[in-house]
Amino acid sequence: MATDPIHQFQIAKWIPIEVGGLDLSFTNASAFMVATVAAAGAFLFLSTTNRGLVPSRAQSVAEMAYEFIASMLRDSAGTHGMKFFPLVFSLFMFVFVANLLGLVPYFFTVTSQIIVTFALAMLVIGTVIVYGFMKHGLGFLKLFVPSGVPAVVVPLVVAIEVVSFLSRPISLSVRLFANMLAGHITLKVFAGFVTSLSALGAVGVAGSILPLIMTVAITGLEFLVAFLQAYVFAVLTCMYLNDAVHPGH
Amino acid sequence: MTSLVVDSATGWLDCSEPSHYVARDFETVIFRGCKRLEVLMAERNEPDELEQRRRKLEDALAARSASSKADEGNAKQNNGSGGFGNAFKLSGEFIGGVVVGVGLGWFFDRLFGTSPWGLIIFLLLGFAAGVLNVLRAAGRVAEFGSQARKDGGADDPQRK
């Protein structure tokens, strides 16, 4: 049981709640989502309460995060896209902090649940679609009609483009989810080797050094992946928002 | 202070070609100093040459910031597309296309009772969309609706 690599992703109901036949229980996933929001919010709040012209260490980290996302959004969606800064920044901070919290031993990784990442991706795509139609009306549909295509194949190309557009939330959510899931399973499997090998006696203990080194190395890699996936999520969000701000650009 | 070269013709400090013997931050200090110097010079009624020099300086600064930005972008790109990340990214793109195609086809069949034709057609469409996604992610095909770039005005935010 201790070495079951999937066990860590099990949802446990902490406070069962049921409203009208719907299961709205407060689970460990909910608890860690709350913890993520609290940690990110508390960090940003506390690091900016004593603002100084010469920033303290925490303040400069908060400023770096701001500058990072702001320049990313400005580069990919232009100044018109800056009205989405709160959305992109919240998404980035949520994913990043959730990934980091998941790396703490015995903590639950919120972003390893496909439904969580899928909900985040649907939020992004929903924003793109709603804002695109609000801003450009039916002109938003031009996004699906590439120019310079012979009229005969336009219906086929449009169908492919529409499916491709609809697949964006899937690939966006699957990427984050798969990375976190695979990383945590790998970590657990290698760590499991250490215990099961060292149970074999002196030779096993000597042999378990290799998976131990791997575990340490993979932990380091996971920190990189935690940041990278949050970054990729934010970049893709910016790119998709750019389509909503300027379709057919 | 080796970077401060005095222009023999005008006797001014020549800052248009920053030398690399000083630290980066220090160079910006020097640039700032030069700008102030030029403002002072402007009050001496020598606008033509001054204008020229200022433009030269602005060009140099713009080129510098642009190149450093491009470098940053490249570095990030390289980081983001390590082998492992790339594999996940591309396979996710492809699977996404196929899954959406199948989902749409199944939904279509349920709605109109055309089983199995909706599933077949949308699976093929999904396959095509998946390949398109992969090619797009790999940068081999133009991005969504980027047709406007060919007829100019890529940076025009008003274009719709």
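Each value in this text was obtained by applying a stated rule to the coordinates, not by laboratory testing. If you're wondering where the values come from, they're calculated on a predicted model, not measured in any experiment. Counting neighbours? That spans all protein chains shown, and the Cβs are built from the backbone with ideal geometry, glycine included.
Looking only at segment A:142-167, residues that are part of a helix (DSSP H, G or I) and either touching a residue at least 40 places away in the same chain (Cβ under 8 Å) or over 31 Å from the mean Cα position of the chain (by Cα) (or both) come to 8 in all.
Taken over segment B:120-135, the criterion of being closer than 10 Å to A:Ser164 by Cβ and more than 8 Å from chain A (Cβ to nearest Cβ) is satisfied by B:Val131 alone. A:Thr237 falls short on exactly one of the conditions (1) closer than 22 Å to A:Tyr106 by Cβ; (2) more than 12 Å from chain B (Cβ to nearest Cβ); (3) under 20 Å from the mean Cα position of the chain (by Cα); (4) in contact (Cβ under 8 Å) with a residue 12 or more places away in the chain, and that condition is (1). The conditions of being in a helix (DSSP H, G or I), free of Cβ contacts under 8 Å to residues at least 24 places away in the same chain and within 13 Å of another protein chain (Cβ to nearest Cβ) are met by A:Ala178.
The set of residues in segment A:30-47 that are surrounded by fewer than 15 Cβ atoms within 10 Å (Cβ to Cβ) and in contact with a helix residue (DSSP H, G or I) (Cβ under 8 Å, 6 or more places away or on another chain) contains only A:Leu46.
Against the list (1) part of a helix (DSSP H, G or I); (2) surrounded by fewer than 20 Cβ atoms within 10 Å (Cβ to Cβ); (3) out of contact with any Phe, Trp or Tyr (no Cβ under 9 Å at 6 or more places or on another chain), the condition A:Phe118 fails is (3).
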